[in-house]
Amino acid sequence: MRCRTWLTWTTCLCSLTLAWSIDPNVAKRLSRQEIHSGWLLLFDGESTFGWKTEGDVAVNGGRLIIGGNKASRITSTTSWADAELSAQYQLVGTSGQLHVGQVGIPLATDGVLDGTYTLRITIKGGKPIAWQVTDPKMQQRTGALAAPDQPGTSLISLSVADNHQIVLHSLKLRPTGLKPIFNGKDLEGWKEIPGKKSKFTVSEKGELIIQNGPGDIQTERQWDDFVLQLEIYSHGKHLNSGVFFRCVPGEFWSGYESQIRNEWQGEDRSKPVDFGTGGLYGRQPARRVVADDHEWFTMTVVAQGAHIAIWVNGFQTVDYTDTRPPANSARQGAKLTPGPISLQGHDPMTHLSFRNILLAELPKSKP
């Protein structure tokens, strides 16, 4: 199906939307290898969670439809510094744009509607430094820019003008530049809170193991804005633990907590028990518990100023902005200053393993 003139685009928009509404591919998922590699779904195939929307925006048939009768835009609520971005889309009309901060990358097409375009972008310091678009005929066009002089972070957005439409099949991102904060050999760089019951050891496989509780082990270094990724394994049923950040150094169970508890009500994973794995404990429950006990799962935490976002196995579970007055502890208010990362031993039943604990500090300035 082709739209060759301005007069036919509106008709094509209506007919194309009807066709997509019966598409059986309702949700977008990542492969196990993509999850292990740190890829995140920016569009989950079923909602606009994690986005601010303007104009005509809807989810239909597992696709995000941006535009229609008026100019439209979606903008991420999370900013990024260094990352790889991948998008698959169709475009009705002559053009649309994907923006990384102030830099727009054109999404041009000849009006072919029966094929999918693929866009890949390399982001450095909040700026796209290279991109490649592959059209349905496997032809490619590329672009490149110099890396920014002053690294920063940028929001991601997609926009179209009146009577144009982007149909987004998938949009995923992999943060890059993360470095280990656990060496997999010993507990160098970590410090236990004394006088507690948890036992912290490192296995021959390079895993940090926590047994018994309560207990708390903190990094000696401190961070305020960062991307944190780690893999977690719960050895028992519905075990309780947490990944704390912006802690108070030396203070037991302080800071914000990304909850670990793979439990939900009945058969409904959208009803977590005790905030659920990937929930921000005490602030926002996980919108779905996607992890299971006795399986490795990946958790990603992005903390930037008052905004906190969490993904589990690449699915976004939390999108939260702390509007409380600033405080020295996240228990009392919005803690925006640096603090350690810590891992929790919750109770005598605690038995969890952690590995591949990686972190990238985020720059403060925006390009």
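Nothing in this text is a laboratory measurement; each read-out follows from the coordinates by a stated rule. Everything numeric here is computed off the predicted structure, so don't read it as measured data. Backbone-built Cβ (ideal geometry, glycine too); neighbour counts: all protein chains shown.
Annotation note: GluC sites (Glu not before Pro) in the stretch 152-259 located in DSSP loop regions with a Cβ neighbour count of at most 14 within 10 Å are GLU188, GLU204, GLU220.
Helical content alone sets the calculated 222 nm signal of the chain at -1500 deg cm²/dmol, taking -39,500 (n - 2.57) per DSSP H segment of four or more residues and averaging over every residue.
If we count every other residue with Cβ under 13 angstrom of ARG174's Cβ, Lys/Arg +1 and Asp/Glu -1, where does the sum land?
-1
Charges at C-beta only: +1 for Lys and Arg, -1 for Asp and Glu. How large is the resulting dipole of the chain about its Cα centre, in Debye rounded to 20?
I would put it at about 460 debye.
For the chain, the share of alpha carbon pairs falling in successive 20 Å distance bins from zero is 28, 53, 18, 1 percent. Normalised by the number of residues in the chain, the average gap of Cα pairs under 8 Å and 6 or more apart makes the relative contact order 18 percent. With each label modelled as a point 7 angstrom along the Cα→C-beta vector, the ALA327-VAL273 pair spans 2.8 nm. Tell me the net charge near GLY184. Cut-off is 9 Å between Cβ atoms, GLY184 excluded, with +1 for each Lys or Arg and -1 for each Asp or Glu. Net of charged neighbours comes to +1. At a Förster distance of 25 Å, what's the computed FRET efficiency of SER31 paired with LYS52, Cβ-Cβ distance as r, to 0.05? The formula returns an efficiency of 0.30 here. By the compact-protein rule of thumb, 2.2 N^0.38 Å, the alpha-carbon radius of gyration of the stretch 181-361 corresponds to a ratio of 0.94. Computed from Cα atoms, the angle from the helix 6-20 axis to the main principal axis of the chain rounds to 40 degrees.
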